[in-house]
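The values are calculated or read from the model by the stated rules, or taken from the named source; none is laboratory data. Since the structure is predicted, the reported quantities are computational estimates derived from the model, not experimental observations. For neighbour counting, all protein chains shown are included, and Cβ atoms are generated from backbone atoms with ideal geometry for every residue, glycine included. Protein only, heavy atoms only, side chains kept; ligands, DNA and RNA dropped before computing areas. Shrake-Rupley method; radii C 1.70, N 1.55, O 1.52, S 1.80 Å.
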Amino acid sequence: MRKPIIAGNWKMFKTVAEATSFFADVKGKAEVEGVESVICAPFTNLPALVEAAKGTSIAIGAQNMHFEESGAFTGEISGAMLKELGVQYVILGHSERRAYFAETDEIVNKKTQAAFKSGLTPIVCVGEKLEEREAGHTKEVCKVQTEAALQGLTAEQAAQTVIAYEPIWAIGTGKSSTATDAEDVIAYIRDVVKGQFGEETAAAVRIQYGGSVKPNNIAEYMAQPNIDGALVGGASLEPASYIALVEGA
Ligand code: PEP
């Protein structure tokens with residue numbers, strides 16, 4: 001049985017004071033038996049959030065990391081640095097990183113491998129642009145990105161990876177993929193994992209949908225057999241909305 005996972009992606013929002021206030025509001029509430037709840041926050045919030053999350057079932061994640069363990073990479077943060085803080089998850093290959101920070105499939109793969117080396121669980125994002133969807137290339141794009149991201153992992157690591165299918169045109173736009181369209185692509189991504197690592201890994205890997213998920217549409221996605229949760233941006237920023245998403249999973 002795959003445990004559903006709701007992960008909030010705060011992007012570049014919230015000061016430490018705002019983050020700790022948010023956490024105080026969701027503590028004990030965004031904690032539901034049988035659902036994994038993860039908050040992926042800016043680096044500066046991580047020590048305070050890890051401290052606040054002690055004794056709760058909420059896990060803390062980062063939104064990026066470098067693939068090297070250390071070195072002359074000004075402004076970068078390594079997996080070991082995140083692990084030392086008590087961070088458990090890291091979002092990798094988010095479409096905003098791919099679009100604004102030139103992250104390629106090769107870089108995402110290096111980061112995915114480095115995350116496991118550091119003891120972190122990667123949430124790897126894949127998804128098509130609007131023009132790729134309109135040209136009928138959605139599945140091909142997702143196949144290439146998924147296979148590239150997971151390349152070189154063991155089957156066990158691949159099974160532990162969380163994949164987030166995020167059609168880029170649906171992120172932060174209020175335009176969400178229909179639950180049945182998302183299910184179709186996610187079932188296909190599971191098949192891609194099967195081709196790469198075999199049936200057991202494919203049955204175990206958790207695949208989220210992301211793109212304008214809100215408390216009022218989470219149930220439609222969760223009703224689909226292959227959708228194991230959601231990666232949520234905007235709707236994860238308000239305590240009441242985040243609690244509703246975790247309850248809705
Ligand atoms: C995201 O940032 O990964 C995302 C899905 O954002 P939103 O929920 O705001 O569309």
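Structure values in brief
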| read-out | value |
| --- | --- |
| Chain lengthening between GLU51 and GLU131 when straightened (0.36 nm per residue, less Cα-Cα) | 24.5 nm |
| Rounded percent of accessible protein surface that carbon and sulfur make up, the chain, 1.4 Å probe | 53 percent |
| For segment 144-155, Karplus couplings with θ = phi - 60° (6.51, -1.76, 1.60), whole Hz, Gly/Pro x | 4, 5, 5, 4, 5, 5, 8, 4, x, 7, 6, 4 |
| Long-range HN-HN contacts of HIS66 with modeled amide H, under 5 Å | ILE77, SER78, GLY79 |
| Under 22 Å, Cα to Cα: Lys pairs in segment 123-249, sequence gap 8 or more or different chains | 8 |
| Inter-centroid distance (Cα atoms) of segment 148-173 relative to segment 1-80, Å | 18 Å |
| Rounded FRET efficiency, nearest 0.05, which uses the C-beta distance separating ALA102 from THR180 and R0 of 30 Å | 0.35 |
| Solvent-free Debye scattering, log10 I(q)/I(0), computed from the Cα coordinates of segment 151-200 at q = 0.13, 0.23 Å⁻¹ | -0.39, -0.88 |
| Quarter of Cα convex hull surface for segment 49-191, i.e. mean projection, nm² | 9.8 nm² |
| Amide N proximity, segment 196-232 versus ALA187 label position 7 Å along Cα-to-Cβ, cut-off under 13 Å | 224-227 |
| Helix-only [θ]222 nm of the chain, DSSP H runs n ≥ 4, -39500 (n - 2.57) each, per residue, nearest 500 | -12500 deg cm²/dmol |
| Per residue accessible area in Å² of the chain, where ligands, DNA and RNA are left out and the probe is 1.4 Å | 44 Å² |
| Choice from THR74, THR154, THR56 showing the highest fluctuation, given a GNM over the chain with Cα pairs closer than 10 Å | THR74 |
| Spherically averaged projected area in nm², based on the convex hull that wraps the Cα atoms of the chain | 12.1 nm² |
| 13 Å Cα-Cα reach of LYS83 towards aspartates and glutamates, excluding residues that sit fewer than 8 places from it in its own chain | GLU69 |
| FRET efficiency, 1/(1 + (r/R0)^6) with R0 25 Å, evaluated for SER70 and GLU18 via beta carbons | 0.25 |
